[in-house]
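Notes to accompany the following structure.
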Amino acid sequence: MVGTDIAIDLGTSLLKIYAQGKGIVVKVPSAVAFDTIKEEVIAVGREAYQMVGRTSERVEIVRPLNNGVISNFSMAQHLITHFIKQVSGNRMFMPRVVVSVPCVITEVQKRAVVDAISATGVRKICLIEEPVAAAMGAGVDISAPHGTFVVDIGGGTTDMAVISLNGIAISDSIPIAGDAFNDAIIKYIRRKYGVAIGERTAEDAKIAIGCAYPKRVLETYTVKGIHTVKGLPQSLEVTSDELMEALIEPAMQIVRKVQATLDVTPPELLADILTDGMVLTGGSSNLWGLATLLSKKTRIPVRLNEHPEDCVAMGAGKALSFIDVMDNRGGGTLNPLFAQY
């Protein structure tokens, strides 16, 4: 039986699956728990993520996607297969699939994505670049002869592109995003207080009081970790100003890459961007003050979607409707939008 077409956002931090006519039906951490002794998977998604920092030596938590591409093929295949089967239930499921990939990706990395998904028995796989999907999810008409600048800040990478006439005019990517923000917090607290904290603690602190621009009211958050010298558990209060001090360097790396991309944008497209502003998407764009920092440093208005973390998945879902158009016209008409496999 032919199944409902689906779209997949293979994020470094989150895996999202969009089912046609239903919206986003799966939204789980991209994590797999692996028993190294029995050599078998014991948990995936949210259950695996809850084990981070709490496992024994025999259990390894694997993040099969790194910087937006597959770094562990077998674990990625297991993760994708598990949730596609969850979407399909007990039915024979042979959907067509649209998958988002970073704009700077090699053919080998594309083939790894295609091979991991094709093992689930899909009929056709179409790859769409993340900035294009993000723009569509944010409500941008990408077919217009008008320049739109999209900056997608995810978990592993920040992808940016100037889009016009269904294609990308200028694009770039930097491996600085949500994971780099977490690492910056971990290193800052270790350096300043001599306390080692885990990835989940850093993530929680970032969400609670993290900022890339000064807050008017100082906020505090309690973190718990291990003192690196005494070897004893310790809790301490950190402030939003301290987290800004930790986060400002990776935030400025993103700003500098955005500025460099704008520097090589053709004047006509840049004029459109100066008028309309840039579109900010991706889960890490929710970091407080990041949109303000980008706007101040580039002198360009910034539009932040209400649910920026869902833009890529929603845009890939919207792109499902173009598959029939491509099939009817022989696939050539919309090649700038899709790569078919």
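The values are calculated or read from the model by the stated rules, or taken from the named source; none is laboratory data. Since the model is a prediction, treat every value here as computed from it, not as a measurement. Cβ atoms come from the backbone with ideal geometry, glycine included; neighbour counts cover every protein chain shown.
Exactly one condition in (1) farther than 22 Å from Ser321 by Cβ; (2) part of a helix (DSSP H, G or I) is not met by Val114; state its number.
Of (1) farther than 22 Å from Ser321 by Cβ; (2) part of a helix (DSSP H, G or I), only one is false for Val114: (1).
Tell me which residues, restricted to the stretch 292-320, are more than 17 Å from the chain's Cα centre (by Cα) and part of a helix (DSSP H, G or I).
Taking the stretch 292-320 and keeping what is more than 17 Å from the chain's Cα centre (by Cα), we get 292-303, 318-320.
Passing the criteria: Thr292, Leu293, Leu294, Ser295, Lys296, Lys297, Thr298, Lys318, Ala319.
With the requirement that a residue be closer than 22 Å to Met94 by Cβ and either polar (S, T, N, Q) or in a strand (DSSP E or B) (or both), what does the stretch 117-138 give you? Outline the logic, then answer.
Step one: filter the stretch 117-138 for residues closer than 22 Å to Met94 by Cβ, giving 117-128.
Hits for the stretch 117-138 are Ser118, Thr120, Lys124, Ile125, Cys126, Leu127, Ile128.
Being in a loop (DSSP other than H, G, I, E, B) and surrounded by fewer than 20 Cβ atoms within 10 Å (Cβ to Cβ), is that true of even one residue in the stretch 59-69?
From the stretch 59-69, those in a loop (DSSP other than H, G, I, E, B) are 63-64, 67-68; that's our starting set.
Retained after the next criterion (residues that are surrounded by fewer than 20 Cβ atoms within 10 Å (Cβ to Cβ)): none.
Scanning the stretch 59-69, I find no residue that is in a loop (DSSP other than H, G, I, E, B) and surrounded by fewer than 20 Cβ atoms within 10 Å (Cβ to Cβ), so the answer is no.
Which pairs do you get when a residue that is assigned by TED's automatic domain parsing to the domain that holds Ile185 and part of a helix (DSSP H, G or I), found in the stretch 245-266, comes within reach of a residue that is at pLDDT 95 or above and surrounded by fewer than 14 Cβ atoms within 10 Å (Cβ to Cβ), reach meaning Cβ atoms under 7 angstrom, with the pair 6+ apart or on two chains?
none
Consider Val41 against the criteria (1) under 28 Å from Met136 (Cβ atoms); (2) in a strand (DSSP E or B): it satisfies all of them except one. Which criterion is unmet?
Result: Val41 fails condition (1) only.
Please pick out the residue among Asp152, Asp159 that is touching a Cys at 6+ places or on another chain (Cβ under 7 Å) and either of a type in the set (A, V, I, L, M) or buried (at least 24 other Cβ atoms within 10 Å of the Cβ) (or both).
Going through Asp152, Asp159 in turn, the sole match is Asp159.
Name the residue that is surrounded by the most Cβ atoms within 10 Å (Cβ to Cβ), counting only residues in the stretch 189-212 that are over 22 Å from the mean Cα position of the chain (by Cα) and over 24 Å from Gln50 (Cα atoms).
Tyr193
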